[in-house]
1. Normalise the Debye intensity by I(0) for the chain, one equal point scatterer per Cα, no solvent, then take log10 at q = 0.07, 0.10 Å⁻¹ and round to two decimals.
2. Using a simple spin-label model with points 7 Å from Cα along the Cα→Cβ vector, what separation in nm is obtained for residue 362 and residue 27?
3. Once the Cβ-Cβ distance between residue 91 and residue 258 is put in as r, and R0 is 25 Å, what FRET efficiency do you end up with, to the nearest 0.05?
4. Could you work out how much longer the chain between residue 76 and residue 62 gets when fully extended? Use 0.36 nm per residue separation minus the Cα distance between them, nm to one decimal.
5. Which three numbers, in whole Å and largest first, are the semi-axes of the equivalent ellipsoid of segment 4-133 derived from its Cα gyration tensor as √(5λ)?
6. Could you work out how much longer the chain between residue 4 and residue 472 gets when fully extended? Use 0.36 nm per residue separation minus the Cα distance between them, nm to one decimal.
7. Label points 7 Å out from Cα along the Cβ direction at residue 131 and residue 236: separation in nm?
8. Regarding segment 293-351, what whole-number volume in Å³ per residue does the convex hull of its Cα atoms give?
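Laboratory data are not the source of any read-out in this text; all were calculated from the coordinates shown. Small disclaimer: the values here were computed from a predicted structure and weren't measured. With ideal geometry, Cβ positions are generated from the backbone for all residues, glycine too; neighbour counts draw on all protein chains shown.
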Ligand SMILES: Nc1ncnc2c1ncn2[C@@H]1O[C@H](COP(=O)(O)OP(=O)(O)OP(=O)(O)O)[C@@H](O)[C@H]1O
Ligand SMILES: [Mg+2]
């Protein structure tokens with residue numbers, strides 16, 4: 001047991017080398033107190049989810065706990081940050097001294113990387129750097145949900161030329177208005193303008209209500225030109241062929257009851273769904289056991305840990321390797337994910353995940369499914385987002401799944417949960433697919449949940465659109481740039497979009 005009074009009187013130190021850097025930073029910025037740089041450094045380092053490297057070297061000048069952390073609630077808060085970060089209680093005071101030293105040293109280096117070379121105006125550079133790196137608003141601790149954007153109205157035109165011929169006005173979709181559903185489905189044949197239309201409207205959202213984004217790009221056409229998401233959302237493009245996706249994709253909140261079991265079931269169901277029902281009951285059971293075991297013994301847990309656990313489980317049961325093991329082995333041929341960021345950090349920014357055609361199909365679908373699962377777990381575990389006096393709800397994240405037939409219709413639990421439940425949590429889901437049939441599975445009628453449905457020309461079976469647009473609607477008759485549109489709560493109508 002470590003008591004707070006013991007922490008207050010204990011000595012803490014970085015290394016001599018780090019002290020030199022810290023003194024230089026303090027001089028440049030004009031801090032008078034010795035604790036100022038270490039406190040900022042520790043806060044910065046605690047904000048970074050990858051563990052700091054253990055530090056060696058001559059100990060630097062020591063500082064008493066009550067000076068380094070302050071007293072009372074401040075002292076207690078700092079100590080809890082160090083406990084929460086590692087997820088383990090303090091063994092003794094030396095354990096705390098070690099954690100403090102490692103974060104202190106890493107944080108000073110982070111500051112120094114930014115400031116060491118700056119000759120002009122280090123003061124401004126410094127505050128800008130802090131503003132960019134510390135959590136916004138009320139200073140939430142590591143990896144916690146960021147405060148959502150402020151609520152406000154959003155009104156989206158459907159296309160550059162969208163006009164309602166009967167009124168002569170552009171129809172507007174108000175995704176966050178009271179009672180509206182924010183989700184969007186766009187369908188239509190090859191080259192009918194689905195992607196362009198989505199990009200046009202998304203750019204409008206970015207202008208009206210800046211919000212984080214995650215988009216899956218199967219064709220490489222969501223970025224790169226004037227309406228690309230890299231422009232409108234300043235999205236970072238992630239390509240798992242070049243660099244693993246920096247998401248702790250199997251993260252779960254250990255404070256929530258049964259979170260681990262649920263995460264294990266999710267993983268099992270997603271993998272089984274993607275193999276198109278090729279897994280039998282026994283395989284599913286073993287896969288579930290392996291996922292539960294890996295999640296219990298590894299934090300963060302990687303797909304490789306699940307694979308190893310599955311191999312072990314098979315051996316224990318004296319069962320020969322089969323398709324389930326091979327699936328995981330295939331998935332782990334190269335690293336798809338690197339658990340660097342907890343979901344709250346990962347989904348707090350704009351990201352386009354590029355899933356190129358030279359990736360095996362299973363890999364592309366699994367990446368989309370696991371990220372969707374992680375998004376669902378994080379988003380639906382969070383609080384409802386605030387609503388303004390007019391009833392407009394704040395968005396927390398926009399998720400775009402182009403070429404959604406790749407994961408629609410596979411009964412992925414994460415996706416259907418997102419569509420059914422995320423509205424009050426500030427989620428906005430875009431599903432873009434060729435055929436109306438893609439939107440209907442045995443358990444879910446996605447179209448019924450959508451705030452906006454846009455159907456361009458297609459020769460595919462009208463499928464679920466009959467219920468939305470009526471049985472007399474012929475999607476094959478639509479001209480170029482024309483679509484049937486239904487905004488929830490309004491009459492379905494035929495419009496020119498582009
Ligand atoms: N708003 C628009 N203005 C002008 N031309 C457009 C517009 N939208 C689509 N087009 C034309 O249609 C072509 C295909 O558009 P887009 O890639 O959006 O279709 P898609 O339905 O996503 O196709 P796919 O099924 O191949 O993904 C574009 O290259 C362009 O020529
Ligand atoms: Mg497209």
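1. Result of the Debye calculation: -0.46, -0.87.
2. Here the modelled spin labels are 6.0 nm apart.
3. Working: r = 29 Å, r/R0 = 1.14.
It comes out at approximately 0.30.
4. 3.1 nm
5. The three semi-axes for segment 4-133 are 24, 15, 14 Å.
6. Fully extending the segment from residue 4 to residue 472 adds 161.1 nm.
7. Spacing of the two 7 Å Cα→Cβ label points: 2.0 nm.
8. It comes to 87 Å³ per residue, whole-number rounded.
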